[in-house]
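A.B. asks: Here it is: the structure, laid out below.
The values are calculated or read from the model by the stated rules, or taken from the named source; none is laboratory data. Model, not experiment: these values are computed from the prediction. Quick reminder, even Gly has a Cβ in these numbers, built from the backbone with ideal geometry, and neighbours come from all protein chains shown. Please note that ligands, DNA and RNA were not included when accessible areas were found on the heavy atoms of the full protein model with its side chains. Shrake-Rupley method; radii C 1.70, N 1.55, O 1.52, S 1.80 Å.
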Amino acid sequence: MADAKSPQLDRLLAGYRRFRQSGWNPNRERWATLREGQEPEIMVIACSDSRVDPSQIFDFDPGEAFVVRNVAAMVPPFETTPGHHGVSAALEFAVQVLKVKEIVVVGHGMCGGCKAALTQELRGTEPGEGGFVADWIALLDEAREEVAAQHGTEGRVAERAMEQAGVKVSLENLRTFPCIQRKEAKGELTLRGAFFAISDGLLHVLDEYDGHFHPAD
């Protein structure tokens, strides 16, 4: 039954009550402003993994960032084929309507999607049984070949290389969108890659000139 009580619902409602007490009531002026609209300057594309919440990592206030989360923080390339292009729609809205000034792709350690892309353990599965994930992470197939050739397909060194390669793939795909190409060329939009290591809580930022991720200051 949809209205049946559960420990999970209790957890949600307890969190909501804490939010009302410590998040809503002390910041009513902020929320009143947000009621009129949003003007975030940053878009974050992150993984759906429950351990890597961008609002926690970057300590965002409500209204500060437009966030899209999906398996492995992937951005598909620009395409006009029929279908439901959720990430592309969010990008279009953020860039064209909200006019964000920065897009940050955040990969992370111990990413299950990137590991599955590396091992190809879901390849050939049916939709609903892993097939949707397999199709999505196939976006990493080309990058996987290079990672596998250098590091193999097992172990943390290979997995981390795949996780960081995924960020680079998403950045490359972002630059296939004409609106992003125009704005980046004019200096109106900056693209950035980052990597959050769950094990030590450190954020690394991609230097696109040397191709390496460096710890943030």
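A.B. asks: Excluding same-chain pairs closer than 8 in sequence, count the lysine pairs in segment 100-217 whose Cα atoms lie under 21 Å apart. Spell out each step's value before the answer.
C.D. replies: Details: K101/K168; K101/K183; K101/K186; K115/K168; K168/K183.
Summing the qualifying lysine pairs gives 5.
A.B. asks: Return, for the Cα atoms of the chain, the radius of gyration and Dmax in Å, separated by a comma.
C.D. replies: Cα only, the chain: 18.9, 55 Å (Rg, Dmax).
A.B. asks: Mark the label point 7 Å from the Cα of A149 along Cα→Cβ and return the residues of segment 110-143 whose backbone N is within less than 13 Å of it.
C.D. replies: Label zone hits: 142-143.
A.B. asks: Another question, if that's okay. Please name which of T81, L98, F58 has its Cα lying farthest along the dipole of segment 46-98 towards the positive end, using unit charges on Cβ (Lys, Arg +1; Asp, Glu -1) and the Cα centre as origin.
C.D. replies: T81
A.B. asks: Restricting to Cα pairs below 8 Å that are 6+ residues apart, what does the relative contact order work out to for segment 91-217? Please round to a whole percent.
C.D. replies: Here the relative contact order equals 31 percent.
A.B. asks: Additional query: Per 5 Å bin, what percent of the C-alpha pairs of segment 124-217 does each bin hold, from zero upward?
C.D. replies: 3, 11, 17, 19, 21, 15, 9, 5, 1
A.B. asks: OK, next. Send over a whole-number figure in Å² for the accessible area per residue of segment 1-123, probe 1.4 Å. Kindly include the intermediate steps, with their values, before the conclusion.
C.D. replies: On the way: 7760 Å² over 123 residues.
So segment 1-123 comes to 63 Å² accessible per residue, rounded to a whole number.
A.B. asks: Given a cut-off of under 8 Å on Cα pairs at least six residues apart, what relative contact order in percent is computed for the chain?
C.D. replies: Details: 303 pairs, mean separation 43.9, N = 217.
RCO, the chain: 20 percent.
A.B. asks: How are the C-alpha pair distances of segment 68-120 spread across 5 Å bins, as whole percents from the shortest bin up?
C.D. replies: 4, 16, 22, 21, 18, 12, 5, 1
A.B. asks: Leaving out ligands, DNA and RNA, and with a 1.4 Å probe, what % of the accessible surface on the chain is carbon or sulfur? Don't jump to the answer; show the numbers that get you there.
C.D. replies: Values: 6770 of 13160 Å².
The computed percentage sits at 51.
A.B. asks: Further question on the same structure: Per residue, how much accessible surface does segment 170-217 expose to a 1.4 Å probe? Answer in Å², no decimals. List each step's numbers first, then the result.
C.D. replies: Values: 2770 Å² over 48 residues.
That works out to 58 Å² for each residue.
A.B. asks: Please give the FRET efficiency for Q21 paired with E64, using the beta carbon to beta carbon distance and R0 = 25 Å, rounded to the nearest 0.05. Can you show the working numbers first?
C.D. replies: Working: r = 21 Å, r/R0 = 0.85.
Result of the calculation: an efficiency of 0.70.
A.B. asks: Continuing with this model, one more query. Could you give me D for segment 67-165, from Stokes-Einstein at 25 °C and 0.890 mPa s, where the hydrodynamic radius is the Kirkwood radius over C-alpha pairs? Units µm² s⁻¹, please.
C.D. replies: Details: Rh = 14.7 Å.
Once the numbers are plugged in, D ends up at 167 µm²/s.
A.B. asks: To the nearest Å, what is the center-to-center distance of segment 172-216 and segment 11-27, using C-alpha atoms only?
C.D. replies: Using only Cα atoms to place each centre, the spacing works out to 34 Å.
A.B. asks: When DSSP beta bridges are limited to those with both residues in segment 75-217, what percentage is antiparallel, rounded to the nearest 5? Don't jump to the answer; show the numbers that get you there.
C.D. replies: Numbers: 8 of 15 bridges.
In segment 75-217, DSSP labels about 55 percent of beta bridges as antiparallel.
A.B. asks: Going from the alpha-carbon gyration tensor of segment 167-212, what semi-axes, largest first and in whole Å, does one get by taking the root of 5 times each eigenvalue? Spell out each step's value before the answer.
C.D. replies: Working: eigenvalues 121, 21, 18 Å².
Taking √(5λ) for each eigenvalue gives 25, 10, 9 Å, largest first.
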